[in-house]
Amino acid sequence: MAIKPTKFEKKVIYDQKLCKYLDSYNQILIVNADNVGSSQMQGIRKGLRGDSVVLMGKNTMMKRSVRIHAKSTGNDAFLNLIPLLVGNVGLIFTKSDLKEIKEEVAKYKVGAPARVGLVAPVDVIVPPGNTGLDPSQTSFFQVLNIPTKINRGTVEIITPVELIKKGDNVGSSEAALLSKLGIRPFSYGLVVISVYDNGSVFSPEVLDLTDEDLVEKFAAGVAMMTTLSLAISYPTLAAAPHMIVNGYKNVLCVSLETEYTYPQAQQVKEYLKDPSKFAVAIASVAESTATSQGIVETEEIKKEEEAESEEDDAMFGLFDD
């Protein structure tokens, strides 16, 4: 008969396992396991089998093991995990892509009924339509102020009703009504709440960022830095073109207000003295543009005609014999 390990021996085995995982894996997903059943957890473990492993345990034991291991190895980065070990949480150690593991875990959510006393994770809205309940069941709807009517011997809900708001506790009447309607409004599974990657801790939303999001955020940062540089007159690579243009505008304004001039400013002065020259300049630019476009179109037409001529010659050559 096998001897069952003592409570102390179980703690030693757990500590060794956690320390082994900390040394073997650089990436960890911290997940919330509220309302996750044992069979559901078994399916998650099976789905992640390979490059990932799930480890659950008491928070005090995990914190103690992490502290001791960080001290023994001199790796203080492990200490970043301790503030995250709050509530009903577990650790998923992985060597795979973090986003893929997060998406794989999300597949194992299962529907659950609304039990009395539970905190609603989402809004619960009862849709309109026939409930299939007989008229004697209208008391449930009246208590909850749900508008109904009798249609063909059954109770029918007239309009959509927000039965439970997110964050509210589920009452006995709400739970009974949802049970009678066969509605399972909630779904539970492991929820990633934090990500640990080589000592850095960040929100799981970061994993959903695309290349386009990164480019957009980088552009916004550059624009902010450019604005700040221009405001305090501090030259940076991003602000330099704007500063040069602004400087040229200042020099041009000084030239226009004084007798000092230079070729570019002289041209502007002439336009200001006689605006008709500006109109002539625009017309000449438009004409030259139209001429260049016409030349291009003419060349394309000639090429098409030459190609058609060659095809005709080839076609008639088939009948020369």
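Bridgeable lysines around K10 (alpha carbons under 19 Å apart, same-chain partners fewer than 8 residues away excluded): K20, K58, K63. Computed over protein heavy atoms with a 1.4 Å probe, the accessible surface of the range 2-153 works out to 59 Å² per residue.
Once C-alpha pairs closer than 8 Å and six or more residues apart are averaged by separation and normalised to the residue number of the range 120-267, the relative contact order reads 16 percent. Reducing the range 182-218 and the range 59-75 to their Cα centroids gives an inter-centroid distance of 26 Å.
Simple point charges give the picture: +1 on the Cβ of Lys and Arg, -1 on the Cβ of Asp and Glu, and for the range 61-173 a dipole about the Cα centre of about 500 debye. Relative to the longest principal axis of the Cα atoms of the chain, helix 240-257 runs at roughly 40 degrees. Relative to the longest principal axis of the Cα atoms of the chain, the long axis of helix 211-232 lies at roughly 60 degrees. Once both axes come from the Cα atoms, what is the angle between helix 172-181 and the longest principal axis of the chain, in degrees from 0 to 90, rounded to 10? Approximately 70 degrees, to the nearest 10. Find the centroid of the Cα atoms in the range 120-138 and in the range 242-257, then give the distance between the two in whole Å. Comparing the Cα centres of the range 120-138 and the range 242-257, I get a distance of 71 Å. Shown for the chain: the carbon plus sulfur share of the solvent-accessible area, taken with all protein chains present and a 1.4 angstrom probe, equals 56%. For each pair in K7/K109; K46/K180; K17/K107, compute the distance between the two Cα atoms and list the pairs where it is over 30 Å. Check vs 30 Å cut-off fails for K7/K109; K46/K180. A Cβ-based charge dipole, computed about the Cα centre of the chain with Lys and Arg at +1 and Asp and Glu at -1, lands at about 4560 debye. 3J(HN,Hα) along the range 59-69, derived from phi through the Karplus expression 6.51 cos²θ - 1.76 cosθ + 1.60 where θ = phi - 60°, amounts to 4, 4, 5, 5, 4, 5, 5, 5, 4, 5, 5 Hz, with x in place of Gly and Pro. How about K269: which lysines have a C-alpha closer than 29 Å to its C-alpha, ignoring those fewer than 8 places off in the same chain? Within reach: K249, K277.
The values are calculated or read from the model by the stated rules, or taken from the named source; none is laboratory data. Predicted model, so just to flag it, every value in this text is computed and none were measured. Don't worry about glycine lacking a Cβ; one is built from the backbone with ideal geometry, like all the others, and counts go over all protein chains shown. To get the accessible areas, we keep the full protein, side chains included, count just its heavy atoms, and leave off ligands, DNA and RNA. Shrake-Rupley method; radii C 1.70, N 1.55, O 1.52, S 1.80 Å.
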